[in-house]
Amino acid sequence: MRVLVQRVKNANVIVEGRKIAGIGQGLLLFVGIGRNDTMQDLEYLSKKVSGLRIFGDSEGRMNLDIKQAGGQVLSVSQFTLYADTRKGNRPGFDQSGDPETARQYWEQFNVLLKEKGLKVEEGSFGAHMEVELINDGPVTLWLESNSSL
């Protein structure tokens, strides 16, 4: 499992010209499910995301997690995080999870985040989405679970 985390001032998802999800200050998560991922990967990365101390405290230091900062989460499924570009110019996606499993795992990942007390908005699985964001910092982190390494 792979998650690209961006600390944002705000972010929105638009599908077919209509805003379907949006957040203020928080984390925009691009979530990729790999074909070898398990529930342990979801649990590991939901704990990691919820505990990331990347928000500024009263002194401006990155000491607060998203809950302490009062932030929100926007989770967007993105199979292209598993693109293999080592050969040729067209990416291969053999390591991406199959669509049905990926949907179930992405949805369960979001449930795990909610169970940790986070407010979670979601993109639309499998849809062509436009994602608008204002990156804060910028702060962008790449997270992987053990099955991705």
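Among the residues of the stretch 129-141, is there at least one that is in a helix (DSSP H, G or I) and small (Gly, Ala, Ser)?
no
Given the conditions (1) under 13 Å from residue 1 (Cβ atoms); (2) surrounded by fewer than 15 Cβ atoms within 10 Å (Cβ to Cβ), which single one is not true for residue 112?
Only one criterion is unmet by residue 112, namely (2).
It is to be established whether one or more residues within the stretch 34-41 are exposed (fewer than 13 other Cβ atoms within 10 Å of the Cβ), under 17 Å from the mean Cα position of the chain (by Cα), of a type in the set (S, T, N, Q) and at pLDDT 95 or above.
Taking every residue of the stretch 34-41 in turn, at least one turns out to be exposed (fewer than 13 other Cβ atoms within 10 Å of the Cβ), under 17 Å from the mean Cα position of the chain (by Cα), of a type in the set (S, T, N, Q) and at pLDDT 95 or above.
Just the residues that are touching a residue at least 40 places away in the same chain (Cβ under 8 Å) and over 10 Å from residue 118 (Cα atoms), please, taken from the stretch 63-74.
Correct list: 69, 74.
Answer yes or no: is there a residue in the stretch 38-47 that is without any contact (Cβ under 8 Å) to a residue 24 or more places away in the chain and farther than 24 Å from residue 133 by Cα.
no
Would you be able to tell me the number of residues in the stretch 1-25 that are assigned to a strand (DSSP E or B), in contact (Cβ under 8 Å) with a residue 60 or more places away in the chain and not hydrophobic (A, V, I, L, M, F, W, C)?
7
Test of understanding: among 103, 90, 53, 61, which residue is under 16 Å from residue 4 (Cα atoms), surrounded by fewer than 18 Cβ atoms within 10 Å (Cβ to Cβ) and basic (Lys, Arg)?
Unique residue meeting the criteria: 53.
Taking the conditions exactly as written (hydroxyl-bearing (Ser, Thr, Tyr), assigned to a loop (DSSP other than H, G, I, E, B) and under 23 Å from residue 139 (Cβ atoms)), does residue 50 satisfy them or not?
no
Just one of 52, 143 is within 26 Å of residue 15 (Cβ to Cβ), touching a helix residue (DSSP H, G or I) at 6+ places or on another chain (Cβ under 9 Å) and among the hydrophobic types (A, V, I, L, M, F, W, C); which is it?
The match here is 143.
The values are calculated or read from the model by the stated rules, or taken from the named source; none is laboratory data. The structure presented is a predicted model; accordingly, all values stated were derived computationally and were not measured. Ideal geometry is used to build each Cβ from the backbone, glycine not excepted, and the neighbour counts take in all protein chains shown.
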